[in-house]
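Visitor: Could you have a look at this structure, given as structure tokens, before my questions?
Read the figures in this text as sums done on the coordinates, not as results from a lab. On a predicted model such as this, the values are computed, not experimentally measured, just so you know. Reconstructed Cβ throughout: ideal geometry from the backbone, glycine too, with neighbour counts over all protein chains shown.
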Amino acid sequence: MAIPAASQLKLYKNMLLMRRFEEGAAEGYADGFIGGFMHLYIGQEAVAAGAISSLNHDDYVIATYRDHAHALARGTPPEALMAELYGRETGVCKGKGGSMHFYDGSRYFVGGYAIVGGHLPIATGLALGIQMRNEDRVVMAFLGDGASNQGVFHESMNMAKLWDLPVVFLCENNFYGIATAVGTSSSYNEIHRKAQGYGIPGRVVDGMDVRAVRAACDEAVRYARQGSGPVLLEARCYRYQGHSMTDPGKYRSQAEADLWKKRDPIPRLARQLLEEGIATQAELDAAQVEANRIVEAAMQYAERSPEPSPAALYEDLFVENTFHG
Amino acid sequence: MAELRYFEAVTQALQEEMARDDRVFLFGEDVGLVGGTFRCTEGLMAEFGSRRVRDTPIAEAAIVGLAIGAAITGMRPVAELMTMNFAIVAMDQIVNHVSKMRYMFGGGVKLPLVIRAPAGGGTQKAAQHSHCIESWFVNTPGIRVVIPATPYDVKGLLKTSIRSEDPVLFIEHENLYSTRGEVPEEEYLLPFGVADIKRPGRDVTVVAWSRMLPEALKAADMLAREGIEVEVIDPRTLDPLDQDTILSSVARTHRAVIAEEGWRNVGVGAELAARIQEHLFYDLEAPVQRVAAADVPTPYARNLEKLALPDARDIADAVLKITL
């Protein structure tokens, strides 16, 4: 099914926003506004943008610690996300989660999780809940290549197929778990083949091509939604930066990085939109200006926002705190 | 009043809550077809069907993760871990996920889920099947720890746990399942954070929970024959903890013994002893005593296991040490 012109322009804007957001976050980190671990998504934008555009607004999205772009794709306001990175009370988690733990329940973005693979049983449980409630929803669960070596990945795949749960596992294979290459950590280089052991369809998709990601996810989401069970997609992509802000990424060659950057998903889609007459250069330029403006405004908003009050320290632990009355 | 066995109190609570709220469902290893290794879910699959009483693969981490995900969708899952020993396999899900999510997501999520698991040694199950590790979870903010000792407390607290908007670790005891106790015919719920004075006494306060409660009551009987009146308090929930009831008892008796089946080193008893001295240092007539398991993996040999695990005699000895 062809992707409507308006949707394609939206995908382009989305990817621009993701990239500019990450560049802004890197500036905020360098300036000392952001602390802790922060993992940038630059280079992988086509995956989150394409995949999440396949979903309905009330499908669940669950992600890893590299979660900024996924929340943006879900429509969470960039200023609330930037404020979270800055540790401010206006942040999407009131400053208590930070970069690795975005959450926006109102948009069914049910979190960024920082234990590799730890969120996959939760994704499976979301799908079980959907099935038990007879709801017309699916779960899109993002994971990294490293997660596919964790025990809970296999437990989740097994249960998801056992009960034919509506979940799409989308592995963003950027070929490195921090510094360890897939080839030295996984018995299969082709991660989607791990689905075979569970009788689950496994597909590979070019994660540097947003249209390809969208098409593959459309199909996978349709399959899961109609009750046929889970799917494992492997989107091959590349993170341009190190694993996190403190990783210079010396384990990768410049030649390898250059090769991937030639396939950068943003200029690639720009060329396609121009060649096919879907957008004009003026529209694309305006989109870049708009992304810059949004991120600049988000950074100003974050910087202006207050830190959480000391009273917040003991808030949000439990729903029910009184037991004697 | 009907007399129920401890495991039947579990079953009744589950049955009533499932009948009351169709969002409640059970799953775990062998909970369905055979009704649970300790018979706690007997008859429930027949009554509620295999969707609401679900046998799962042996995959404890994923079992807990399933509960989290299902709770987010609006279900009220009750996951059974066949024993507390297997909770160790699921530690990442319990500690890193269940207990952290609400706080780290700024209150954005609520997780009304229950994890049930029986703990305990005493019947030669050896090192990997005898754990009493409630202290690990009391040390983890973000999850309630409920640990009842009697059929009455089991039923009332399990119903409260299922209706709780927060995640609950509900710890049963393998050696208490066949014990009996009176349970009202009519519905009742018991609040969290309210300790129960199981036996009043003026000379010394013994705080005991789970299998140590019957041992403490046995010790109190023994000591009563020697003229020592022991007050036995069961906190019933360790998070939240009813500190006030414990402190006001010790303020009266001026002496305290804490009895737990878990290891002594950095156990719950250490925390309670610390709190008692923080608040009542000048009221104490004697050092606070701890009765707990020897700090070794639980041995298999009957005589060694008996040496390793605390019992009524050890509790009585601890009381005598500070009352004579």
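Visitor: Based solely on its DSSP helices, what 222 nm [θ] is calculated for chain A when runs of n ≥ 4 H residues each add -39,500 (n - 2.57) and the sum is averaged over all residues, nearest 500 deg cm²/dmol? All intermediate terms of the calculation are to be shown ahead of the outcome.
Guide: Values: 10 runs with 133 residues, N = 325.
Only helices count here, giving -13000 deg cm²/dmol.
Visitor: Which percentage, to the nearest 5, of the DSSP beta bridges contained in chain B is antiparallel?
Guide: Working: 9 of 41 bridges.
Taking every DSSP beta bridge with both residues in chain B, the antiparallel ones total about 20 percent.
Visitor: Apply the Karplus curve 6.51 cos²θ - 1.76 cosθ + 1.60, θ = phi - 60°, to the phi angles in the range B:224-236 and return the couplings in whole Hz, x for Gly and Pro.
Guide: 4, 5, 9, x, 9, 9, 9, 9, 10, 10, 10, x, 6
Visitor: If amide H atoms are built 1.01 Å from N in the plane of the peptide, which residues on other chains or at least 5 residues away come under 5 Å of the amide H of B:R199?
Guide: Amide H to amide H, under 5 Å and 5 or more residues apart or across chains, B:R199 pairs with B:V232.
Visitor: Note the per residue figure in Å³ for the convex hull of the C-alpha positions in the range B:122-271.
Guide: 130 Å³
Visitor: Kindly state, to the nearest 0.05, the FRET efficiency for B:A126 paired with B:R264, given R0 = 22 Å and r defined as their beta-carbon distance.
Guide: 0.65
Visitor: Could you tell me how far the Cα centroid of the range B:187-226 sits from the Cα centroid of the range A:64-91, in Å?
Guide: The range A:64-91 and the range B:187-226 have Cα centres separated by 51 Å.
Visitor: Turning to a different aspect of this structure: Would you mind calculating the relative contact order of chain A from Cα pairs under 8 angstrom and at least 6 residues apart, reporting the percent as a whole number? Please list the in-between numbers first.
Guide: On the way: 606 pairs, mean separation 76.8, N = 325.
24 percent.
Visitor: Whole-Hz ³J(HN,Hα) for each residue in the range A:236-245, computed from phi via Karplus 6.51 cos²θ - 1.76 cosθ + 1.60 with θ = phi - 60°, x for glycine and proline: what do you get?
Guide: Values per residue, Gly and Pro as x: 8, 8, 8, 8, 6, 8, x, 4, 9, 5 Hz.
Visitor: Let me ask something else about it. Out of A:L274, A:L11, A:L165, any idea which swings most in a Gaussian network model of chain A, alpha carbons joined below 10 Å?
Guide: Sorting by GNM fluctuation, first place goes to A:L274.
Visitor: Would you compute, from DSSP H runs of 4+ residues alone, the mean residue ellipticity of chain B at 222 nm, taking -39500 (n - 2.57) per run and dividing by the full residue count, rounded to the nearest 500?
Guide: Dividing the helical sum by the residues of chain B leaves -10500 deg cm²/dmol.
Visitor: Which of the lysines could a cross-linker bridge to A:K96, judged by Cα under 24 Å and excluding same-chain residues fewer than eight apart?
Guide: Qualifying lysines at Cα under 24 Å: B:K100, B:K110.
Visitor: What is the distance in Å between the Cα centroid of the range A:19-49 and that of the range A:261-319?
Guide: Each part's Cα centre sits 10 Å from the other's.
Visitor: If I fit a long axis through the Cα atoms of helix B:268-280 and take the longest principal axis of the Cα atoms of chain B, what angle between them do I get, 0 to 90°, rounded to 10?
Guide: 50 degrees
Visitor: Averaged over peptide A:94-105, how many Cβ atoms belonging to another chain are found within 10 Å of each residue's Cβ?
Guide: Average per residue, whole number: 4.
Visitor: Based on the Cβ-Cβ distance from B:R202 to B:N139, what FRET efficiency comes out when R0 is 30 Å, to the nearest 0.05?
Guide: Calculated value: 0.35.
Visitor: 5 Å is the cut-off here: which amide hydrogens, built 1.01 Å from N in the peptide plane, fall below it relative to B:R54, excluding neighbours closer than 5 in sequence?
Guide: When sequence neighbours closer than 5 places are left aside, the close amide H contacts are B:L26, B:F27, B:G28.
Visitor: Give, in nm to one decimal, the length gained when the segment between A:Y314 and A:A5 is fully stretched (0.36 nm per residue of separation minus the Cα-Cα distance).
Guide: 106.4 nm
Visitor: Quick one: helix B:312-323 against the long Cα principal axis of chain B, what's the angle to the nearest 10°, folded into 0 to 90?
Guide: Taking Cα atoms only, the helix is inclined about 40 degrees.
Visitor: Also, I was wondering about something else. What aspartates and glutamates does B:K306 reach when the alpha-carbon gap must be under 18 Å and sequence neighbours fewer than 8 apart in one chain are set aside?
Guide: Once the sequence-local aspartates and glutamates are set aside, what remains near B:K306 is B:E174, B:E215, B:E260, B:E261, B:D295, B:D314, B:D317.
Visitor: Enter the mean number of other protein chain beta carbons within 10 Å of the beta carbon of each residue in A:111-119, as an integer. Please list the in-between numbers first.
Guide: Values: counts 7, 2, 5, 3, 6, 0, 3, 6, 5.
Mean shielding count: 4.
Visitor: Just checking the output field for B:105-118: average partner chain Cβ neighbours within 10 Å of each residue's Cβ?
Guide: 5
Visitor: Find the centroid of the Cα atoms in the range B:2-76 and in the range B:250-284, then give the distance between the two in whole Å.
Guide: One Cα centre to the other: 36 Å.
Visitor: In whole angstrom, how long is each semi-axis of the equivalent ellipsoid of chain A, when you take the square root of 5 times every eigenvalue of its Cα gyration tensor and sort them from largest down?
Guide: Working: eigenvalues 152, 144, 84 Å².
In descending order, the three semi-axes are 28, 27, 20 Å.
Visitor: Which whole-number percentage describes the relative contact order of the range A:99-236, with Cα contacts under 8 Å and a sequence gap of 6 or more?
Guide: Working: 235 pairs, mean separation 34.5, N = 138.
Normalised by residue count, the contact order of the range A:99-236 is 25 percent.
Visitor: Mind listing the phi-derived Karplus ³J(HN,Hα) values for the range B:261-267, rounded to whole Hz, using 6.51, -1.76 and 1.60 with θ = phi - 60°, and x for any glycine or proline?
Guide: Coupling constants for the range B:261-267: 7, x, 5, 5, 5, 6, x Hz.
Visitor: So which residue, out of A:P166, A:P230, A:P248, gets the largest mean-square fluctuation from a GNM of chain A using Cα contacts under 10 Å as springs?
Guide: With Cα springs under 10 Å in chain A, the top fluctuation among A:P166, A:P230, A:P248 is at A:P248.
Visitor: Something else: Angle between the Cα long axis of helix B:60-72 and the longest principal axis of chain B, 0 to 90 degrees, nearest 10?
Guide: The two axes meet at around 70 degrees.
Visitor: In a GNM of chain A with a 10 Å cut-off on Cα contacts, which of A:R304, A:R239, A:R88 has the highest mean-square fluctuation?
Guide: Evaluated over chain A, the most mobile residue of the options is A:R304.
Visitor: What dipole magnitude, in Debye to the nearest 20, does the protein assembly as shown give about its Cα centre under +1 on Lys/Arg Cβ and -1 on Asp/Glu Cβ?
Guide: 1180 debye
Visitor: Write down the Kirkwood hydrodynamic radius of chain B, to one decimal in angstroms, obtained as one divided by the mean of 1/r over all alpha carbon pairs.
Guide: Averaging 1/r across every pair of different Cα atoms and inverting gives 20.0 Å.
Visitor: Enumerate the whole-percent occupancy of each 5 Å bin, from 0 to the last occupied one, for all C-alpha pair distances of the range B:2-183.
Guide: 1, 9, 18, 23, 23, 16, 7, 3, 0, 0
Visitor: Go from 0 up to the bin containing the longest alpha carbon distance in the range A:129-200, width 5 Å each, and give me the % of pairs per bin.
Guide: 3, 15, 26, 23, 15, 9, 5, 3, 1
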